[in-house]
Amino acid sequence: MRPDGRFAPSPTGVLHLGNLRTALLAWLFARAQGARFLVRVEDLDRGRSRPEHEARQLADLAAIGLDWDGDVVRQSERAGLYDDALARLEGAGLLYPCWCTRAEIREAAGAPHGDLPEGAYPGTCLRLTGAERAAREAAGRPPALRVRAGSERVAFRDRLHGDQDGVVDDFVVRRNDGAIAYNLAVVVDDGAQGVGEVVRGDDLLSSTPRQLWLARELGLAQPAHAHVPLVLGEDGARLAKRHGAVTLADRAALGEDPAAVRARLAHSVGLADEGEQPSPEELVARFDPSTFRPPGSGPLPGL
């Protein structure tokens with residue numbers, strides 16, 4: 001596949017510098033390989049998504065010099081694609097209803113279950129008898145939908161982390177409130193948009209086996225991956241608003257313009273010298289996806 005890339009923020013708040021660094025790296029991976037760069041708004045969380053957050057996020061991406069190809073795609077407008085994917089999985093016998101409560105899931109996932117990783121769903125509702133299933137249906141509580149993955153081990157190679165593998169549990173693809181789960185939506189969207197290389201934070205590395213399994217079962221091409229390090233606060237936690245001046249607006253209030261922020265982000269991953277302010281085009285020219293090796297997760301220098 002051509003290494004077309006994407007950045008897919010959720011419009012539930014303002015992008016912080018960690019989000020912007022991931023976006024910059026995703027853009028560089030795509031542009032340095034002559035590929036498309038797409039922006040997709042992951043707004044399935046209807047309760048928290050706001051159009052004003054989306055507008056601000058897009059403005060911030062443009063402010064640090066990132067452009068994208070085609071129109072911005074919104075998950076809230078793609079329900080038909082997700083329904084079609086669920087229908088294909090159902091037709092292949094790969095879905096089953098799950099009535100487990102959160103407490104029941106925590107209790108079941110905390111018990112040892114052979115090769116399943118800690119916290120994985122052990123298939124409780126898959127093993128229900130006919131009478132048990134009928135009783136749950138009669139109670140009227142709507143079920144979630146889980147895939148029947150069979151604890152398959154899926155291996156892949158990450159550009160930055162090397163060879164990886166993981167056991168795929170029976171994960172949720174539609175929640176019991178009818179909302180499409182992240183893993184299904186992201187796989188369907190990446191396949192429909194022709195994304196060939198997924199560049200995102202390394203906090204999502206562990207979800208990759210599930211998504212590759214799902215792409216295969218849906219007959220979609222499996223993209224390559226590059227999971228980049230996260231920006232952390234001084235306390236070692238993932239960067240958040242509580243860590244201080246961590247948005248473009250915050251930095252502007254301190255006299256730091258978007259070009260200086262872009263330079264700060266580039267310097268933090270070894271793409272610019274301290275005090276240098278390379279243009280986006282200069283960063284593309286010096287970026288080599290095959291040799292890029294950023295430092296590990298940590299705070300931004302001087303923040």
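The values are calculated or read from the model by the stated rules, or taken from the named source; none is laboratory data. Since this is a predicted model, take the numbers as computed values, not measurements. Neighbour counts run over all protein chains shown; Cβ positions are idealised from the backbone, glycine included.
Brief remarks follow.
- As a summary of the residue check, Ser151 satisfies the conditions (1) more than 23 Å from Ala23 (Cα to Cα); (2) surrounded by fewer than 16 Cβ atoms within 10 Å (Cβ to Cβ); (3) of a type in the set (Ser, Thr, Tyr) except for the one numbered (2).
- Test result for Gly150, assigned by TED's automatic domain parsing to the domain that holds Glu90 and small (Gly, Ala, Ser): yes
- The residue of the range 4-17 that is surrounded by the fewest Cβ atoms within 10 Å (Cβ to Cβ), among those that are among the aliphatic types (A, V, I, L, M) and in a loop (DSSP other than H, G, I, E, B), is Val14.
- Taking every residue in the range 30-41 that is of a type in the set (Phe, Trp, Tyr) and pairing it with any residue that is modelled with pLDDT of 95 or more and surrounded by fewer than 19 Cβ atoms within 10 Å (Cβ to Cβ), at least 6 positions away or on another chain, the pairs with Cβ-Cβ distances below 9 Å are Phe37/Asp67; Phe37/Asp69.
- The set of residues from the range 53-86 being under 27 Å from Gly178 (Cα atoms) and of a type in the set (Val, Ile, Thr) comprises Val72, Val73.
- Only one entry of Leu20, Leu58, Leu25 meets the criterion of being among the aliphatic types (A, V, I, L, M), free of Cβ contacts under 8 Å to residues at least 40 places away in the same chain, surrounded by 18 or more Cβ atoms within 10 Å (Cβ to Cβ) and assigned to a helix (DSSP H, G or I), and that entry is Leu58.
- Of the criteria (1) of a type in the set (Val, Ile, Thr); (2) part of a helix (DSSP H, G or I); (3) in contact with a Leu (Cβ under 6 Å, 6 or more places away or on another chain), which one Ile105 fails: (3)
- The residues of the range 28-48 that are assigned to a strand (DSSP E or B) and over 23 Å from Ala263 (Cα atoms), listed by number, are Arg40, Val41.
- Whichever residue in the range 212-241 is charged (D, E, K, R) and in contact (Cβ under 8 Å) with a residue 60 or more places away in the chain and, among such residues, is nearest to Asp165 (Cα to Cα): Glu217
- Flag if Pro209 is in the same structural domain as Glu104 (by TED's automatic domain parsing) and either closer than 17 Å to Gly123 by Cβ or at pLDDT 95 or above (or both): no
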